[in-house]
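For reference, the structure is listed below as structure tokens.
The values are calculated or read from the model by the stated rules, or taken from the named source; none is laboratory data. Every value quoted in this text rests on a predicted model; they were computed, and no experiment measured them. Virtual Cβ from ideal backbone geometry, glycine too; neighbours counted across all protein chains shown.
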Amino acid sequence: MTALTSAVAAPEVLDRCRALVRPALREAVGRMHPWVGEMAAYSFGWCEVGGRPAVVSGGKGLRPALAVLGAEAAGAPGRAGIPAAVAVELVHAFSLLHDDIMDGDAARRRRPTVWKAYGTGPAVLAGDALFALAVETLAATPAGPAALRLLSTALGDLVRGQADDLLFATRPWTGPRRVRAGEYRTMAEHKTGALLGCAAALGALLGGAPPATVAALDRAGRHLGIAFQVVDDALGIWGDPAVTGKPAHGDLREGKKTFPVLAALDAEGPAAGRLAALLESAQEPAEAAALIEEAGGRAAAPAEARRHVAAVESALAGLPIATGAADDLRSLLGFLVRRDL
């Protein structure tokens, strides 16, 4: 079974893992201060402002799924990875609350972000509380110290990635100070891949996997994060807003240094030159998107994602992991790379 041919099974894998983790995640959030807990529940799509129940998509649940599958890869039942799944989902929610404030994003999944709905200060507080709850969740496990070391490393990398992403916005599109593709990969590994790798590694750790397996799953998740981010970048330009929940060409309007744009600027030919000139001016997003595609940026994104999927496969090859968990991990790879790109 390969990553691409097994992609059809990925939604079922995600649904199974969500159903396993959701009760524990709700129980953890229920221990928070009521007002802070309401903001957390709102961020997960469980309620509206004021606490009225809501049914809003809370995301794919990729990180909790990786934690559950990490435990299963170690030969343990998936429930062994539940504390890891809860912790990484809490950290992910914390990072999104703070990212939305830093980026000034007013909407997420077609409704106001937490800072727009409750205020900036309350949203920062809710993010801090989610982080504290994640640490408490892992500290209560038998592998507490080792688990917290994995989480702290991932958090340090996440901060580095977010810092680089913010600094990219201050750098020019052309010239010696422009952002290179290699810098982008490092940023994406840190900002997105670190927590994905941490999720799989924590699940394996709690499942009793040996250190070499834990480390290999961490590497695999980091490559998966780069692939995931590259595909997200492409969807931010060419994806259907009704599916992505993001406005068309939103990243281009904000001048973000995304992978398709950087790949197009690195290409040879007149389209790359015209794109550089357009980006340095007050560009028309639709025209910029057309030039990025003409220069090869659109085609470069799935090719880059597949390279990192191959790196994930290499990291998994030869590991003493359960066959079913390996197949489920591979099913997620194809699903993430083929997301209507």
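Applying the condition of being of a type in the set (G, A, S) and in contact (Cβ under 8 Å) with a residue 40 or more places away in the chain to the stretch 214-240 and asking which residue is surrounded by the fewest Cβ atoms within 10 Å (Cβ to Cβ) yields G239.
Just one of the numbered conditions (1) at positive phi; (2) in contact with a helix residue (DSSP H, G or I) (Cβ under 8 Å, 6 or more places away or on another chain); (3) not hydroxyl-bearing (S, T, Y) is not true of G104: (2). Among the residues of the stretch 165-172, are any among the aromatic types (F, W, Y) and either without any contact (Cβ under 8 Å) to a residue 12 or more places away in the chain or surrounded by 19 or more Cβ atoms within 10 Å (Cβ to Cβ) (or both)? No, every residue in the stretch 165-172 fails to be among the aromatic types (F, W, Y) and either without any contact (Cβ under 8 Å) to a residue 12 or more places away in the chain or surrounded by 19 or more Cβ atoms within 10 Å (Cβ to Cβ) (or both). For the stretch 166-186, the set of residues classified as under 17 Å from A267 (Cα atoms) and among the small types (G, A, S) consists of G175, A181, G182, listed by residue number. Considering the conditions (1) modelled with pLDDT of 95 or more; (2) farther than 22 Å from V29 by Cβ; (3) surrounded by 21 or more Cβ atoms within 10 Å (Cβ to Cβ); (4) among the small types (G, A, S), A143 is excluded by exactly one of them, (3). When you look at L130, is it in contact with a helix residue (DSSP H, G or I) (Cβ under 8 Å, 6 or more places away or on another chain), touching a residue at least 40 places away in the same chain (Cβ under 8 Å), surrounded by 24 or more Cβ atoms within 10 Å (Cβ to Cβ) and farther than 20 Å from D103 by Cβ, yes or no? It is false that L130 is in contact with a helix residue (DSSP H, G or I) (Cβ under 8 Å, 6 or more places away or on another chain), touching a residue at least 40 places away in the same chain (Cβ under 8 Å), surrounded by 24 or more Cβ atoms within 10 Å (Cβ to Cβ) and farther than 20 Å from D103 by Cβ. Evaluate the stretch 83-94: report whether one residue or more is in a helix (DSSP H, G or I), farther than 20 Å from K191 by Cα and in contact (Cβ under 8 Å) with a residue 40 or more places away in the chain. Yes, that holds for at least one residue. Filtered by the rule that a residue be outside any helix (DSSP H, G or I) and at pLDDT 95 or above, the stretch 6-45 gives G30, R31, M32, H33.
Checked against (1) touching a residue at least 12 places away in the same chain (Cβ under 8 Å); (2) closer than 22 Å to R307 by Cβ; (3) of a type outside the set (F, W, Y); (4) part of a helix (DSSP H, G or I), G203 passes all but a single condition, namely (2).
Can you confirm whether the stretch 51-68 contains a residue that is among the charged types (D, E, K, R) and within 18 Å of the chain's Cα centre (by Cα)? Yes, the stretch 51-68 has at least one match.
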